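Down below is the structure, laid out as structure tokens.
The values are calculated or read from the model by the stated rules, or taken from the named source; none is laboratory data. Computed from a prediction, not measured in an experiment: that's the story for all the values here. Neighbour counts run over all protein chains shown; Cβ positions are idealised from the backbone, glycine included.
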Amino acid sequence: MHKIAVVGDRDSIYGFAAVGVDIFPTGAEEAPQLINKLAANRYAIIYVTENLYKRIGKEVEIFKEEIMPAIIPIPGAFGNNGIGFEQVKRFVEQAVGSDIIFGED
């Protein structure tokens, strides 16, 4: 069976444990190895706080062409920097062929 993980700073991810999601508090130094380990252990979805997500771009790029895991940025306890929204916007543009969110071409 596939699993779901949340990776980031403890304050941002601690609440996810209450809904049965595996949490992995970590910093930017350890995150690349952790992402690879989670992928090898059949985690299908890995949510990563936006602050950490922008610091592990190389690992994110490696898995973009793979079916699993899906690495998805989420806002952290210290605010939203727009990475998640920008990614959704790009996916919509790719699927539809134009920017239907802001109406820009």
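With in a loop (DSSP other than H, G, I, E, B) and either closer than 16 Å to Ile4 by Cβ or in contact with a Lys or Arg (Cβ under 9 Å, 6 or more places away or on another chain) (or both) as the only criterion, which of Ile67, Ile35 stands out?
Only one candidate qualifies: Ile67.
Going through the range 67-81 one residue at a time, which ones are in contact with a helix residue (DSSP H, G or I) (Cβ under 8 Å, 6 or more places away or on another chain) and either of a type outside the set (A, V, I, L, M, F, W, C) or at pLDDT below 85 (or both)?
Once the filter is applied, which keeps residues that are in contact with a helix residue (DSSP H, G or I) (Cβ under 8 Å, 6 or more places away or on another chain) and either of a type outside the set (A, V, I, L, M, F, W, C) or at pLDDT below 85 (or both), the range 67-81 yields Pro69, Pro73, Pro75, Gly76, Ala77, Phe78, Asn80, Asn81.
Just checking, does the range 5-17 include any residue being within 15 Å of the chain's Cα centre (by Cα) and of a type in the set (D, E, K, R)?
As a first pass, look at the range 5-17 and keep what is within 15 Å of the chain's Cα centre (by Cα): 5-9, 12-13, 16.
Still in the list and also of a type in the set (D, E, K, R): 9.
Checked the range 5-17: at least one residue is within 15 Å of the chain's Cα centre (by Cα) and of a type in the set (D, E, K, R).
Would you confirm whether any residue within the range 87-99 is modelled with pLDDT of 70 or more and β-branched (Val, Ile, Thr)?
no
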